[in-house]
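The values are calculated or read from the model by the stated rules, or taken from the named source; none is laboratory data. Keep in mind it's a predicted model, so treat the numbers as computed, not measured. Here the Cβ is made from the backbone with ideal geometry for all residues, glycine too, and neighbour counts use every protein chain on show. Surface areas here come from the heavy atoms of the whole protein model, side chains and all, with no ligands, DNA or RNA. Shrake-Rupley method; radii C 1.70, N 1.55, O 1.52, S 1.80 Å.
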Amino acid sequence: GVFIFKNGDRYEGEWCLNEKHGMGKMFYAEGNDQSSYKGSWAQGARSGLGVLVMSNGDRYEGHWVDDKKEGPGRYYYKATNKVYEGEWVGGSPKCGEFQEAPPGSFGGDPNALGPESDKPFAIPDLHVLNSKLIMSEATTTVRNNSAANAGDSEGMFSAVDIEELQRCFRHFDSDETGFIYCSDLYDLVSSTGVVGVPEEMVNEVMMSLEADALTQISFPEFLDVLAVLTTPS
């Protein structure tokens, strides 16, 4: 159904017990710093996978819990043509990487910056020893803390697991963009050594996320999919 709020916000999507629940789109009224949200809702709050577009052109793609960014997600900064990808807790970034946004992230000219930028923002050259191991351990810590707070630690991966899964992921990320296409997802899952996961199950998970063969997913999102596939029903 469609509902227009008194402040001008407009919701189009599924409902349950008079609350936004399921898949839906919210278009925020002019003057709001948020422009639109498309994705999952639960009991009136953004929960699950969703994309939030800000009025200034910034964009968040990732997981939500109780109307807050939670879990793996990417935040695109249009003004500086940068993207943060990593773990979020309670709406705030906790562990991730900040780098140049992939070409075409903001539509139009793939090399264009946002209107607020007079010149490219240069990230200083910084070097960290064993950066991949640090990221793996930090990601594991954030995920385990989040699971502990939720009262469920099943499906979490150890630092050693994540390091091996990253190695498999990089094999399919041949151009080193940090993303793979969903068309390669089944082959990637098979390369990890996981057995008993038919291709039909992988396709069902992707359909539930409204993803197709050309949809790109990051490593944290791959971990979530793998956890779903390997968790006993």
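A few notes on this one:
- Count of the stretch 40-52 residues which are within 19 Å of Val2 (Cβ to Cβ) and either among the basic types (Lys, Arg) or in contact with a Ser or Thr (Cβ under 9 Å, 6 or more places away or on another chain) (or both): 4
- Some residue of the stretch 90-99 being at pLDDT below 85, open to solvent by less than 40 Å² (accessible area, probe 1.4 Å) and touching a Pro at 6+ places or on another chain (Cβ under 9 Å): yes
- Residue pairs whose Cβ atoms lie under 6 Å apart, separated by 6 or more positions or on different chains, with the first residue in the stretch 50-73 and free of Cβ contacts under 8 Å to residues at least 60 places away in the same chain and the second among the acidic types (Asp, Glu), are Val51/Glu61; Ser55/Asp33.
- Across the stretch 202-233, the number of residues qualifying as among the aromatic types (Phe, Trp, Tyr) and modelled with pLDDT under 75 comes to 0.
- All positions within the stretch 1-57 that are hydrophobic (A, V, I, L, M, F, W, C) and open to solvent by 80 Å² or more (accessible area, probe 1.4 Å): Val2, Phe3, Ile4, Trp15, Leu17, Phe27
- Selection of first residues in the stretch 155-179 that are within 14 Å of Ala227 (Cα to Cα) and touching a residue at least 40 places away in the same chain (Cβ under 8 Å) and of second residues that are crowded, with 18+ Cβ neighbours inside 10 Å and among the small types (Gly, Ala, Ser), restricted to Cβ pairs under 6 Å at least 6 apart or on distinct chains, gives the following pairs, ordered by first then second residue: Ile162/Ser136.
- Residue that is nearest to Ser47 (Cα to Cα) [pool: residues in the stretch 62-84 that are surrounded by 19 or more Cβ atoms within 10 Å (Cβ to Cβ) and aromatic (Phe, Trp, Tyr)]: Trp64
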